[in-house]
Amino acid sequence: MTKADIVNEISKNTGIEKVTAQKTVESLMEIVRTTLENGGNVYLRGFGSFALKKRAKKTARDISKNTTVVIPEHFIPSFKPAKSFLTSVKTNVK
């Protein structure tokens, strides 16, 4: 499902215009992105949470140059589904 599909579904289910639904979806995505960029977490009860995970500093290999590269510690965004959401997906996916 793409963002356009989500906008169409929201518009169909709620009766609001597609332009308004698109602004709403894009606003939600921007709020999640901005919150994570500022070091915060986003919790959506019954759906899941968007949080930052810390990746430790590590040494890797650049195989094209046959050298070692140090990757500094950094944060990556992650999503953890709520238990009810996870259970629903596990039991209903065919």
- Query: Could you list, in sequence order, the residues of segment 46-67 that are under 18 Å from residue 78 (Cβ atoms) and within 23 Å of the chain's Cα centre (by Cα)?
  - Reply: 47, 48, 49, 50, 51, 52, 53, 54, 55, 56
- Task: Would you confirm whether any residue within segment 8-22 is free of Cβ contacts under 8 Å to residues at least 40 places away in the same chain, in contact with a Leu (Cβ under 9 Å, 6 or more places away or on another chain), of a type outside the set (A, V, I, L, M) and in a loop (DSSP other than H, G, I, E, B)?
- Result: no
- Task: Please go through segment 61-75 and pick out each residue that is surrounded by fewer than 10 Cβ atoms within 10 Å (Cβ to Cβ) and either part of a strand (DSSP E or B) or among the β-branched types (Val, Ile, Thr) (or both).
- Result: 62, 63, 67, 68, 70
- Message: Here is a check on your reading of the model: is residue 79 in contact with a Gly (Cβ under 8 Å, 6 or more places away or on another chain), part of a strand (DSSP E or B) and among the aromatic types (Phe, Trp, Tyr)?
- Response: yes
- Task: Check segment 10-25 and report whether any residue there is under 17 Å from the mean Cα position of the chain (by Cα), open to solvent by 60 Å² or more (accessible area, probe 1.4 Å) and of a type outside the set (S, T, N, Q).
- Result: no
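The values are calculated or read from the model by the stated rules, or taken from the named source; none is laboratory data. Note that the coordinates shown come from a computational prediction; the quantities given were computed from them, not determined experimentally. Neighbour counts run over all protein chains shown; Cβ positions are idealised from the backbone, glycine included. In case anyone asks, the SASA skips ligands and DNA or RNA and just uses the protein heavy atoms, side chains included. Shrake-Rupley method; radii C 1.70, N 1.55, O 1.52, S 1.80 Å.
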